[in-house]
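We did not get these values from a lab; they are worked out from the coordinates using the rules stated. Fair warning: this is a prediction, and the values are worked out from it, not measured in the lab. Cβ placement follows ideal geometry from the backbone for every residue including glycine, while neighbour counts extend to all protein chains displayed.
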Protein chains: 2
Amino acid sequence: MKFIIQRDRLVQSVQDVMKAVTSRTTIPILTGIKMTATTEGVTLTGSDSDISIESFIPKEEAGDEIVEIKQPGAIVLQAKFFSEIVKKLPTDFVEIEVLNHLQTVIRSGKSEFNLIGLDAEEYPHLPQIEENNKFQIATDLLKAMIRQTHFAVSTSETRPILTGVNWNITNGELNCIATDSHRLALRKARIETDHDASYNIVIPGKSLNELSKIIDDSNEMIDIVITENQILFKAKHLLFFSRLLEGNYPDTSRLIPAESKTDITVNTKGFLHAIDRASLLAREGRNNVVKLAAHDDGVIEISSNTPEIGKVVEEVQSESVTGEELKISFSAKYMMDALKALEGTDISISFTGAMRPFVIRPLNDESILQLILPVRTY
Amino acid sequence: MKFIIQRDRLVQSVQDVMKAVTSRTTIPILTGIKMTATTEGVTLTGSDSDISIESFIPKEEAGDEIVEIKQPGAIVLQAKFFSEIVKKLPTDFVEIEVLNHLQTVIRSGKSEFNLIGLDAEEYPHLPQIEENNKFQIATDLLKAMIRQTHFAVSTSETRPILTGVNWNITNGELNCIATDSHRLALRKARIETDHDASYNIVIPGKSLNELSKIIDDSNEMIDIVITENQILFKAKHLLFFSRLLEGNYPDTSRLIPAESKTDITVNTKGFLHAIDRASLLAREGRNNVVKLAAHDDGVIEISSNTPEIGKVVEEVQSESVTGEELKISFSAKYMMDALKALEGTDISISFTGAMRPFVIRPLNDESILQLILPVRTY
């Protein structure tokens, strides 16, 4: 194998596939990045066996030569060293050559690295996925949907299925749901498809988080292919595979109350900042819990009290408070997570009593909701 | 105590004195910030008993009212909570009031905090320092001198005196020296003084590091007063006290070779980058050691070799190599620290043999030098 490549493109691809590489693997070859040169260009692969990422660097793009292939071939190089090296090479073009079998030379200006590679034949094959049933979604919309749901997955392995985000695809609508059983995030959107297959899968939260880091904020379409135990995201020059979680995701539809007894409309930012301040003294005391009292006159009082430290009272003037007066306690962290995930300047919160889950929505937007279970303190 | 204060000024002062506050103290009141209001303004104090910082906020400045004192007094508030609170308050002005004895109210817009304070009478007094023998130095020069020396102090407590920077003041010249016994950093400068007292003191490296974080990069003069066991830095509205280390600092003057057998002049940046790359494979292998070979033709070869990973060879074209050919090994980290501390585009390195300390200096600048002990490998 021998080729000359633009350093910036190589650095970008290495960074992308590095997202799948972990040093904590029991399969030694997965600590490496696989590099394959063909007459078409160079393909990099990284994998931790849960996530696999493939990044392709074409020979040329828009008339610009990116890679000059001198001899096709393949090698696996230690990801930790290779990624540090390419970032720090001195010249714009880099030559990579595999000498007798595994010895790999990286040349750039007056800098020459000799790395001992691993046999590319021993690198696990990525899943072969048939691309019959494809969906399409805009990349920036996908990123938003991930951002607005994945934070609510469970971080505990006691119910592994809750560490994933439930994707439900029916009639051209994608429903993303995440819950750790104390709060729930839900986001819907239309997706493009030319078939009517339905899916109900659970994608590891970590996979979605890594995916959202490497796809860009463009409105280009990304292809999605789902198989029995894998999902493939296919963007330009990028393949992202994730395994799916096994098991049944709980039915969450019954959790979301259809009616409400108290409704608040309030400016998102002012409310978020008041919760943030009220939680400053709560953080130590009792697990970050703040109290909210909604009054007839539209004033919302948020407070917390930790005897040995002190107390705080915040007043927020709402747009409106309708229905019964209310006192309720909840986790300030869950509320702030939810508010940061919502878009829009005003939100409405619908309560059905101090001990029932409540729902936060942007005004006039049915595509997203956040649900939080209160804490018993009043 | 009661006053109204500009929030931004309060936030800045709290951040400054926080540099001295640690939660790992055996004296509970030192986890707090002392706040004293007089008719002149408000003084904040933080201390970990090694370092003490006092920041003064005047009643008014350039005709602008900064503090409105309603009632003088003093209180100590938990630093961790107080600093978080002031940063997040919603309005530009903040009211702080001590009610019956220790209960302190912080008001800002519709936000009201009640903190339980500690008795200011119990806060330790800062050292009383007589300001007879003062020195003066420009703030930006002081910052540079700290940056160029403090990194070389020892991080090990086996010889506590080496965790400090030796300041030697004689005949209006300040000599700063730091060494961990493997490398040494030296920086000299003229200082302003109206007396001829000499000093030879050792300031904890940590104190100087914190000091350099809170003084600004201006050319305003800073006053320095030295007592038997304390040093005081006095800038506008800021007092910074540090204890001095006890014991005799080793005589380092004999360490610096007066002659040389090989001299190299090289571009600082190119040399630094080559060392950095050569150390990439060395980091794991043998404690970050790289080899340097200086050839007659002016080529400097930097290399490292870790059998199980690979090897790297860098060539740097020097400005000049004079004297004997040389092969030497040293810590890449020490060399990079030294190169980053030096100013100027070109440096000269003077060697007196493969097993002797060598000296790095900027070209045509006698005020600074870095010395490194080689490692025995060739």
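When a/c reaches 1.5 or more, the comparison of a/b and b/c decides; with that in mind, is the stretch A:70-112 rounded, prolate or oblate per its Cα gyration tensor? Cα axes put the stretch A:70-112 in the oblate bin. Between residue B:191 and residue B:23, the contour length at 0.36 nm per residue exceeds the alpha carbon distance by 56.9 nm. Angle between the Cα long axis of helix A:7-18 and the longest principal axis of chain A, 0 to 90 degrees, nearest 10? Long axis of A:7-18 versus the principal axis of chain A: about 60 degrees. Pairs over the 22 Å Cα-Cα cut-off, from the set A:213/B:88; B:87/B:110; B:188/B:327; A:19/B:269: A:213/B:88; B:188/B:327; A:19/B:269. With contacts taken as Cα pairs under 8 Å and at least 6 residues apart, the stretch B:134-253 reaches a relative contact order of 30 percent. Short-range pairs are left out: with C-alpha atoms under 8 Å and at least six residues apart, the relative contact order of the stretch A:67-115 is 26 percent.
With the convex hull drawn over the C-alpha atoms of chain A, the volume per residue is 177 Å³. Across the identical copies, the label point of residue A:267 (7 Å from Cα in the Cβ direction) is separated from its matches by 5.5 nm, in order from shortest. Rg and Dmax, both from the Cα atoms of the stretch B:262-378 and both in Å, are 13.1, 43.
The Cα center of the stretch B:237-290 and the Cα center of the stretch A:298-326 differ in position by 57 Å.
So, in Å, what gap is there between the alpha-carbon centers of the stretch A:57-102 and the stretch B:1-44? After rounding, the separation between the Cα centres reads 56 Å.
Here is the P(r) of the stretch B:79-203: all C-alpha pair distances, binned every 10 Å from 0, give 11, 25, 18, 20, 23, 4 in whole percents.
How would A:51, B:53 line up from fewest to most surrounding beta-carbon atoms within 10 angstrom?
In increasing order of surrounding Cβ atoms, one gets A:51, B:53.
Entry for the stretch B:134-253 at q = 0.11, 0.19, 0.20, 0.24 Å⁻¹: log10 I(q)/I(0) = -0.32, -1.01, -1.13, -1.65, Debye formula applied to identical alpha-carbon scatterers, no solvent contribution. Sequentially through the stretch A:158-165, phi angles give Karplus couplings (6.51, -1.76, 1.60; θ = phi - 60°) of 5, 10, x, 4, 7, 7, x, 9 Hz, Gly and Pro residues having no value and appearing as x. With distances taken between every two different alpha-carbon atoms, the protein assembly as shown has a Kirkwood hydrodynamic radius of 31.1 Å.
Candidate cross-link partners of residue B:134 among the aspartates and glutamates, defined by an alpha-carbon separation under 12 Å and a same-chain spacing of 8 or more, comprise B:192, B:194, B:196, B:223.
Shown for residue B:138: label points 7 Å from Cα along the beta-carbon vector, and their distances to the equivalent points in the other copies, 5.5 nm in ascending order. With its label point defined 7 Å out from Cα along the Cα-to-Cβ axis, residue B:116 lies at 6.3 nm from the matching points of the other copies, in increasing order. As a ratio to 2.2 N^0.38 Å, the alpha-carbon radius of gyration computed for the stretch B:2-122 takes the value 0.98.
Straight-line cross-link partners of residue B:59 among the lysines, defined as a Cα under 18 Å from its Cα and at least 8 positions apart when in the same chain: B:2, B:34, B:70, B:236. With a Förster radius of 56 Å applied to the beta-carbon distance between residue A:62 and residue B:4, the computed FRET efficiency rounds to 0.35. Shown in residue order for the stretch B:41-49 are the 3J(HN,Hα) couplings computed by the Karplus curve 6.51 cos²θ - 1.76 cosθ + 1.60 at θ = phi - 60°: x, 10, 10, 10, 9, x, 7, 10, 6 Hz (x for Gly and Pro). Against the main long axis of the alpha-carbon atoms of chain A, helix A:79-88 sits at an angle near 80°. Sort out for me the Cα centre separation of the stretch A:361-378 from the stretch B:144-168, rounded to whole Å. If we compute the Cα centre of each part, the gap is 55 Å. The relative contact order of chain A comes to 12 percent, based on Cα pairs under 8 Å that sit 6 or more residues apart.
What list do you get for A:18, A:355 if you sort them by fewest beta carbons within 10 Å? Provide the component values of the computation, followed by the final result.
Values: A:18 19, A:355 11.
Sorted ascending by nearby Cβ count, the order is A:355, A:18.
Sorted fewest first by neighbouring Cβ atoms within 10 angstrom, B:24, A:361 come out as B:24, A:361.
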